[in-house]
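Note sheet for the following structure.
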Amino acid sequence: MGAGISGFFFNNFGGVTCSSSNSSLTNLGDLPESCVALVLRNLDPPEICKLAGLNRAFRGASWADFVWESKLPSNYQSLIDKFPNNFPSNLSKRDIYSRLCRLNSFDDGTKKVWLDKSTGGICLSISSSGLAITGIDDRRYWSRIPTDESRFHSVAYLQQIWWFEVDGEVDFPFPVGTYSLLFRLQLGQIFKRFGRRVCNPEHIHGWDIKPVRFQLSTSDGQQAISQCFLDGPGKWVHYHVGDFVVENPNKPVKIKFSMTQIDCTHTKGGLCVDSVIVCPSEFKERLKRF
């Protein structure tokens, strides 16, 4: 590993030479910590953490505040202000980054936000308990099901209903960028049989007759509408609602969104509603594949 890392540095940064008469490449352990920090600043967080184990200079440089401040969102102070109990005032920038990568909850635990460890992109998830679901309190139609397949540990399960409507909103200081909003849904109820994951399709019906309509709007006037049929029984699917752009990271963006199928000529049922996810748009295809 040492030879590979050494080759990486000398091939990409032109090598480092001694000032002695017998000029030769220095050992990685001889590099000044400040020089190492300048190199680490150009790497991704996982690479920084991996290189921190090489020697003392790399380990020390990997804690430099200016290295990690370059990885944090530009408005990271606005983010940590939402979670004062999670971020004491004396934290280093590396610790702030690390804690932002955890699931930080707000609004009574119905919403969670975190940084993607590799890219530093902000992701936000809203549980089914944080959504306004028509008929959710009527046990003839809906029930709450515990599951380890949700980061919120439960989902809303629809047995049957005529009027299907799910609404939600979130007000959050997103960093500058383009974001996608997606619903995480599954047809069929999942249970375990002899340790195996099994889908019960008993209540699945009505989703192939008319498409579901998705909408979003933002406080600065952006809108998106999409529609599709629900399919893929037994699989969690991320249904893309639309995208929006954030240009001012210092002003929270309020997003309103909905999912409806209100054609009352037929009933529909057998659907698990887990959450709504907001993430950088480059993550969209990754989510849709898994």
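Points worth noting:
- Amide H contacts under 5 Å for Ile190: Asn200, restricted to partners 5 or more places along the chain or on a different chain, H placed in the peptide plane at 1.01 Å from N.
- Estimated at 0.36 nm per residue, the fully extended path between Ser92 and Arg139 surpasses their Cα-Cα distance by 12.0 nm.
- log₁₀ of I(q)/I(0) at q = 0.11, 0.15, 0.16 Å⁻¹ - the chain, Debye sum with one point per alpha carbon: -0.76, -1.11, -1.20
- The simple spin-label model puts a point 7 Å past each Cα toward its Cβ; for Phe83 and Arg151 those points are separated by 1.0 nm.
- Segment Cys49-Cys101, length gained on full extension (0.36 nm per residue, minus Cα span): 17.3 nm
- Peptide ranges 42-48, 175-181 listed from the most packed, as the mean C-beta count within 10 angstrom indicates: 175-181, 42-48
- Size of region 183-262 as Cα extents on the principal axes (Å, biggest first): 52, 31, 14
- Estimated distance in nm for a label pair at Thr267 and Gln160, the labels positioned 7 Å out from Cα along Cα-to-Cβ: 0.2
- With 19 Å as the limit on Cα-Cα distance, the pairs of Lys112/Lys192; Lys111/Lys235; Lys82/Lys254 that go past it are Lys112/Lys192; Lys111/Lys235.
- Top of Phe244, Phe172, Phe87 by mean-square fluctuation, Gaussian network on the chain, Cα under 10 Å: Phe87
- Mean Cβ neighbour count within 10 Å, used as a protection proxy, ranking 90-98, 115-123 highest first: 115-123, 90-98
- Ranked packing of 190-197, 266-273, most packed first, by mean Cβ within 10 Å: 266-273, 190-197
- Computed [θ] at 222 nm, deg cm²/dmol, the chain (DSSP H ≥ 4; -39,500 (n - 2.57); rounded to nearest 500): -5000 deg cm²/dmol
- The coefficient of translational diffusion for region 78-150, derived via Stokes-Einstein from the alpha carbon Kirkwood radius under 20 °C and 1.002 mPa s, stands at 149 µm²/s.
- Cα centroid separation - region 221-275 against region 66-130, whole Å: 24
- Computed from backbone phi, the HN-Hα couplings of region 279-286 come to 8, x, 4, 5, 8, 4, 5, 4 Hz, rounded to whole numbers (Karplus: 6.51 cos²θ - 1.76 cosθ + 1.60, θ = phi - 60°; Gly and Pro given as x).
- About the centre of its Cα atoms, the chain shows a dipole size close to 740 debye [charges on the beta carbon of Lys, Arg (+1) and Asp, Glu (-1) only; nearest 20 debye].
We did not get these values from a lab; they are worked out from the coordinates using the rules stated. Predicted model only: the values in this text are computed from it and were never measured. Quick reminder, even Gly has a Cβ in these numbers, built from the backbone with ideal geometry, and neighbours come from all protein chains shown.
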